[in-house]
Amino acid sequence: MALLEINNLHVGVEDEDIKILNGVDLTLDTGDMHAIMGPNGSGKSTLASVLAGREEYEVLEGDIHYDGEDLLELEPEERAEEGVFLAFQYPVELPGVSMTNFLKESVNSVREARGQEELSSAEFLQQMRERADMLGLDADLTKRSVNEGFSGGEKKRNEIFQLAMLEPRLAILDETDSGLDIDALQSVANGVNKLRDGDRGFLVITHYERILQYIVPDRVHVMMDGQIARSGDKELAQQLEEHGYEWIRDEVAAAAA
Amino acid sequence: MSTSETEYLKGKASEDYKHGFYTDIEAETAPDGLTEDVVRYISHRKDEPEWLLNWRLKAFRHVRDRIDGGESIDWAHLDYEAPKFDEISYFSAPKEKANYDSLDEVPDEILETFERLGIPLEEQKALTGVAVDAVMDSVSVATTFKEKLEEKGVIFKSFGEAAREHPEIVREHMGTVIPYTDNLYAALNSAVFSDGSFVYVPEGVTCPMELSTYFRINEAGTGQFERTLIVAEPGAYVSYLEGCTAPMRKENQLHAAVVELIAHEDAEIKYSTIQNWYPGDPDTGEGGVYNLVTKRGLCKGDNSKISWTQLETGSAVTQKYPSVILAGDNSVGEFYSVAFTKGHQQADTGTKMQHIGKNTKSTIISKGISADVADNSYRGQVKVSKNAENARNFSQCDSMLLGPDCGAHTYPYIESSAPSAQVEHEATTSKVGEDQMFYCHQRGLGEEEALKLIVNGFCQEVLQELPMEFAVEAKELLDIELEGSVG
């Protein structure tokens, strides 16, 4: 059984006559690292939002199975508890809420749902230190308010840190690489690589091939006009970097003609 | 947090308003209405010296004139029926002996009441550092930690006791910060005040513990008019905590307190409040407490400091502006406030910082949160006199709306006559963002958990100003208030 199975997914914006996804099919197994690339407005981030359960989108057709379960039946927090994690493209600031406090609530909430025991304060703090260390994250970050006053790079690294703390089975990275300089990009990629294992699947959404040099994907999907227009191995990403997206559009059009 | 506190808070969470019980103690009550006889009765019952009776009578004549003249307070953003001053009973006392030498003498009903409020005196005694002067209705029933305070020369007594035992200090200071002519409710309080607390910290003394008073309104139809006076002599420091709950009532209950603080040279007074009185029926707004309070501090000496911190979650109507008169050079005034209104609650609260001395500094941080159909207003004045060279003020007023039908309003007034003054005002109004909620959901947090986290974060700047034990309780109280506010 696949970890994630998306069948013929059609999605629109709630209360508006806009369609964004037009029949997406995608299967991801545990241990897999898939990349989704594609031009602006092709529906990549919408797919991430639908997987996480954002309300403003409406599923018009198709289904999503996660670990055999109907994902669309679950509330966003239930999905998180079941192990779906979204690294946000634009992490949200929570003024006055300390990272430590926020993560402790989060971690214990998902642990409870997964039938694990709540961590004591000491255990939690130790785990936080260890994972921050592993990712080369400044421990001071955990004392600050969630994302408040964080630089762009800090925000993205903080998302990966939360990923490490929440131990999801499906991790979706929504343009985690955008806006990062080369050092920050490498550090984020290193973090992701350390978190890869056979029990966890990754869906990496990106504009650029660059991050895929560090996080080597098993599959690369190209999304265009709300559909997966083409899938291939890591070489596909290289081709896109060299030739852009238009040739795929041409080929698709030619095949349809 | 101790077990009893935890149980108390859990209990509180389990019902709409758990403190709606009524202590069955026979009370002696003054006849309804505001007359000279009633004022004399109160003074007599309290065995007061003649100067105090005369002071009351002056205030009585003044307030009677104002009431007869039809005065009402209509400038606040509040909508409620003015109290009917002649239908209120102005005094009630537990019938049994009023003052107790030890806890053993306190009637069981009273002890049980405190037990249910989560402040068992037995345990309070054992707790470190908190002395409790418990006010039930209008008379003090117990005071603890007296000896330790006496060692340092700190006087912490009920107002009535202090007026009898330390008349010279009380007489010198009472009414000097808030004269009985100040406003209608202060005038009323001055005529009929029931009891309250008196604190005197001698020169150079740091009060060895946080002083704490729990007020509690009891007896149907009885207004309660506390009067608190705190005097810090040069170089003294005191932190005072005030926390309140009231039993459920059908008719509106008037609560018009007066709190005066006086800080002499190099002295500091920190005054913290948690106000959690019955807010009225959540659907109709019927029956809640009217909390109309005058609180003002005077930074009399140079380098003195007065700091107000409040968490206001209760009452049907709250109107209070804890203020500081910065008379001494280099004196500092602070106001940190969280006002949470839900159901039909209304709050019009803020502060007044009056800069008179040179290099005076004031800080105002106000957080207003509204839910349901509640209304929440910040009203603040910063006034800089001509000679207040280099006065500085920073004000920040943030409002958060938890639904589409509630209101938030900000009324800042700035009046500066000193060219060198710097006055800054920042204000924001936000709805709890869908983005913030979704972010929390994505991390496994449900609706209520997410809201609690966000609101507590919003209030953090203020809550951190509360003394530790109070801050924990305040956070829990906010959490409890938020339950059921998710819309």
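The values are calculated or read from the model by the stated rules, or taken from the named source; none is laboratory data. Please read all numbers here as calculations on a predicted model, not as lab measurements. Glycine also receives a Cβ, built like all others from the backbone with ideal geometry; neighbour counts cover every protein chain displayed. Note: areas computed on protein heavy atoms with side chains; ligands, DNA, RNA excluded. Shrake-Rupley method; radii C 1.70, N 1.55, O 1.52, S 1.80 Å.
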Exercise. Quick one: which of B:Lys58/B:Lys300; B:Lys157/B:Lys305; A:Lys104/B:Lys367; A:Lys104/B:Lys431; B:Lys157/B:Lys367 span more than 31 angstrom between C-alpha atoms?
Worked result: B:Lys157/B:Lys367
For this session: For A:Gln239 and A:Val13, compute 0.36 nm times the residue count separating them, minus their Cα-Cα distance, and round to one decimal in nm.
Result: 78.1 nm
Exercise. Which entries of B:Lys148/B:Lys320; A:Lys44/A:Lys156; B:Lys270/B:Lys475 show an alpha-carbon separation above 23 angstrom in the structure shown?
Worked result: B:Lys148/B:Lys320
For this session: Take the alpha carbon atoms of region A:38-77, find their center, do the same for region B:435-487, and report the distance between the two centers in whole angstrom.
Result: 29
For this session: Take the alpha-carbon centre of region B:399-421, take the same for region A:188-227, and report the distance between them in whole Å.
Result: 48
For this session: For region A:116-238, list log₁₀ I(q)/I(0) at each q in 0.13, 0.17 Å⁻¹, using the Debye formula over Cα point scatterers of equal strength and ignoring solvent, two decimals each.
Result: -0.58, -0.92
Seminar exercise, completed: Rounded to the angstrom and largest first, Cα extents along the principal axes for region B:359-487 equal 56, 34, 23
Exercise. Cα-based Rg of region B:433-487 per 2.2 N^0.38 Å, rounded to two decimals?
Worked result: 1.18
For this session: Would you calculate the separation in nanometres between label points at A:Arg114 and B:Asn54, each defined as 7 Å from the Cα along the Cα-to-beta-carbon direction?
Result: 7.8
Exercise. Given +1 on the Cβ of Lys and Arg, -1 on the Cβ of Asp and Glu, and no further charges, what dipole in debye does the protein assembly as shown carry about its Cα centre, rounded to the nearest 20?
Worked result: 2820
Problem set entry | Share of alpha-carbon pairs per 10 Å distance bin for the protein assembly as shown, given as whole % | 3, 13, 20, 20, 15, 11, 9, 5, 2, 1, 0
For this session: Set the Förster radius R0 to 41 Å, insert the Cβ-Cβ distance between A:Asp183 and B:Thr176 as r into 1/(1 + (r/R0)^6), and round the FRET efficiency to 0.05.
Result: 0.05
Seminar exercise, completed: The convex hull of the Cα atoms of region B:36-93, divided by residue count, gives a volume in Å³ per residue of 110
For this session: Would you please report the Å³ per residue occupied by the convex hull of the alpha carbon atoms in region A:4-256?
Result: 128
Exercise. Protein chains only, probe 1.4 Å: how do B:Asp398, A:Asp250 rank by accessible area, largest first?
Worked result: A:Asp250, B:Asp398
